[in-house]
There are 2 protein chains.
Amino acid sequence: MPSSPVLFLAAIAPDGRATFAPADPAAPHVRVDDLGVTRGDGVFESVGVVGGVPQSLEHHLARFARSSAMTDLPAPDAAAWADAVHRAVAAHEPRPELLAKLIVTRGVEGTGVPTGWVLVTPGADYAQARTEGVDVLVLDRAYPGDVTTRAPWLLQGAKTLSYALNTAALRHARAHGAHDVVFVSSDGDVLEGPNSTVLARSRDRWVTPPPELGLLDGTTVGRALAFARARGDRAEVDRLTVADLAAADGVWLVSSGRLSAPVRSLDGVARPVDAAAQAALLHHLLTVHD
Amino acid sequence: MPSSPVLFLAAIAPDGRATFAPADPAAPHVRVDDLGVTRGDGVFESVGVVGGVPQSLEHHLARFARSSAMTDLPAPDAAAWADAVHRAVAAHEPRPELLAKLIVTRGVEGTGVPTGWVLVTPGADYAQARTEGVDVLVLDRAYPGDVTTRAPWLLQGAKTLSYALNTAALRHARAHGAHDVVFVSSDGDVLEGPNSTVLARSRDRWVTPPPELGLLDGTTVGRALAFARARGDRAEVDRLTVADLAAADGVWLVSSGRLSAPVRSLDGVARPVDAAAQAALLHHLLTVHD
């Protein structure tokens, strides 16, 4: 059943204070000289909404603030954005899962006034990825692990609107019969997916790579590690190689919309899907609100 | 004297065929779910217009087509885009210099229909950069010189809308008292500026780095090398190091709007501005139409 997205447009002051009002999502609201579209110059968050409850909203808003600081955008008005998310979710036809996207751009060139909005949509259908798993290509991200200290102007770790290389990597994977991608650094470190965080389990040890490698500080992986700890396992942030992924009992791509997708092959080599752990993890992500 | 921009909006078929119609540049024309703004997923060109004549338009359109191919966008309808540029320039109040921006995005998510437009504006005032020169920081781009063959999904050499790191590098330079940036690879090769091509002269030899290093194939540098050949000098595409730039008789950042800006310092170390060559080069770029 099709369902109408819900849009709340922001009016943002130069200091970041924001007020929101509902608007027609099918109408255009962005000018052709907005730096969001001419330069991919802005930041965003995608918040999973399960049973009407936005998940990890505080974590998302903290990351939104960090991305804004890294790109010299005004600190977002966290209370106003949180309120807009709740209002937009409440205005949407109820669904088991929704996705709330928060965007702020640098605004129309020369004005210094950011553009922003919250858009709530039904998420895509992730049933197959969650149940059957995903085929993953390992692709070179061609940057060294110390990129964030060595070249902060590259904005690694900020969630900016400049995602063309992420969508290109996903198209490359699909053109080669795979569903998704895991990037590795030029030092051989496992990094992240184009829109997901990598998580691996070996016996009772769950590991995700450190954000210091220039990665997004994943919100869903935080929830997954909480699940691991709750069942008495060890949850750790540590470096991983592709060989570690190949040898692990379970590997996942986790993200706000898809939640947890088990990796069933790496570069065409099948690997076991940890079905019991996936069922338990997905149940946690779908039912425990945090 | 302020002047109104001129906007021509495209209607683009899935196969790339395009028709254009004038529209109000002050009104919004882009939806909030257009992949151009949500993912910086699209490509662009900025064409300098001197004395009413778009410069190197064929070269720009060829690069537009190459960027489109690299990002799996439909091949642009070159004749229609060229016609739109000419009509938009003709509709603009006459100015010695104008800038025509051509943009195509992947369009509203799920539709497969690209969004596009041509916007003609007065360029910025580049008098000071052209006459006095620019202070430049050398910044690490943290990728290796073989990035285009090694990791084509990173889209190096495509002129995409995902320019956040370029604007971040320029903000970094300005925060450190400089005007602009020259990127270097992790192998120590001079690459390009965030929105310019690097050109160096030593005696009668003019050199720009090879696009194979993951650089945009510069249109203005092509015109500058034609100028060098016309005066009997050698024009070459070759690798350069920062030491080469420091030792050169003249170094320039060249681009469609600013045309040629001599580099007067590198990382805070003053270097001579080649005033005679700059005057001759700029005169060429402002008067010879190609």
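Quick notes on this one:
- This model, with +1 at the C-beta of Lys and Arg and -1 at the C-beta of Asp and Glu, gives the protein assembly as shown a dipole about its Cα centre of some 140 debye.
- Shielding by other protein chains, A:135-141, mean Cβ within 10 Å: 2
- Database remark: amide H of B:HIS29 closer than 5 angstrom to the amide H of A:VAL30, A:ARG31, A:VAL32 (H placed geometrically; neighbours at sequence offset of 5 or more, or on other chains; Pro and chain starts carry no H).
- Averaged over peptide A:157-163, the number of partner chain Cβ atoms lying within 10 Å of each residue's Cβ comes to 6.
- Selected from A:HIS176, A:THR208, A:GLY257, residue furthest toward positive end of dipole (chain A; charges at beta carbon): A:GLY257
- Extreme residue, positive dipole direction of the stretch A:1-110, given options A:SER67, A:ALA88, A:SER46 (C-beta unit charges): A:SER46
- Looking at the stretch A:127-287 alone, DSSP beta bridges between its own residues are antiparallel in about 55 percent of cases.
- Relative contact order computed over chain B (Cα-Cα under 8 Å; 6+ residues apart), in percent: 19
- Per-residue extension of 0.36 nm, minus the Cα-Cα distance of A:ASP249 and A:ALA175, leaves a gain of 23.8 nm for this segment.
- Alpha carbon centroid spacing (whole Å) that separates the stretch B:217-290 from the stretch A:214-258: 50
- At 1.306 mPa s and 10 °C, Stokes D of the stretch A:127-287 from Kirkwood alpha-carbon radius, µm² per second: 101
- Mean residue ellipticity, 222 nm, helices only, the protein assembly as shown: the sum of -39500 (n - 2.57) across DSSP H runs of n ≥ 4, divided by residue count and rounded to 500, is -8500 deg cm²/dmol.
- Placing R0 at 25 angstrom, the Cβ-Cβ distance between B:ALA21 and B:ALA79 gives a FRET efficiency of 0.95 after rounding to 0.05.
- Of all the options A:LEU165, A:LEU266, A:LEU73, the one that moves most in a Gaussian network model of chain A with Cα springs shorter than 10 angstrom is A:LEU165.
- Inter-copy spacing of B:ASP146 label points, which lie 7 Å from Cα along Cα→Cβ, given in nm from shortest upward: 2.3
- Sorted shortest first, the separations between the B:ALA279 label point and its copies elsewhere in the assembly read 8.3 nm; each point sits 7 Å from Cα along the Cα-to-Cβ line.
- Calculated label separations, A:SER202, copies of the chain, 7 Å along the beta-carbon direction, nm: 5.1
- Prolate/oblate/rounded call for the protein assembly as shown, Cα gyration tensor, a/c under 1.5 rounded: prolate
- Amide hydrogen neighbours beyond the local backbone of B:GLY193, cut-off 5 Å, H modeled: B:PHE183, B:VAL198
- Distance between the pseudo-spin-label points of A:VAL113 and B:THR131 (7 Å out from Cα toward the beta carbon): 3.4 nm.
- Difference of contour (0.36 nm per residue) and Cα-Cα distance, A:ALA13 to A:ALA279: 91.3 nm
- Antiparallel content of DSSP bridges confined to the stretch A:49-193, in %, to 5: 70
- Summing +1 for each Lys or Arg and -1 for each Asp or Glu among the other residues whose beta-carbon sits under 15 angstrom from that of A:VAL47 gives +1.
- Residue list for the stretch B:31-68, given a label point 7 angstrom along the Cα-to-Cβ vector of B:ALA124 and an amide N cut-off under 14 Å: none
- Among A:THR19, A:THR38, A:THR160, residue whose mean-square fluctuation peaks in a GNM of chain A (springs only between Cα atoms under 10 Å): A:THR38
- Other residues with beta-carbon under 14 Å from the beta-carbon of B:PRO152 carry, at +1 per Lys or Arg and -1 per Asp or Glu, a net charge of 0.
- Degrees, to the nearest 10: A:275-287 long Cα axis against longest axis of chain A: 20
- Total formal charge among the other residues, if their Cβ is under 14 angstrom from that of A:ARG17, Lys/Arg +1 and Asp/Glu -1: -3
- Simple spin-label estimate for A:THR149 and A:VAL269 in nanometres, 7 Å along Cα-Cβ: 3.2
- Prolate/oblate/rounded label for the stretch A:105-182 (Cα gyration tensor, a/c 1.5): oblate
- Prolate/oblate/rounded label for the stretch A:200-287 (Cα gyration tensor, a/c 1.5): rounded
- Take the Cα radius of gyration of the stretch A:6-122 and divide it by 2.2 N^0.38 Å, N being the number of residues; the result is 1.00.
No lab work stands behind these numbers, since they all come straight from the coordinates. Worth saying up front: this structure is predicted, and the values here are computed from it rather than measured. As a convention, Cβ positions derive from the backbone with ideal geometry for all residues, glycine included, and neighbour counts pool all protein chains shown.
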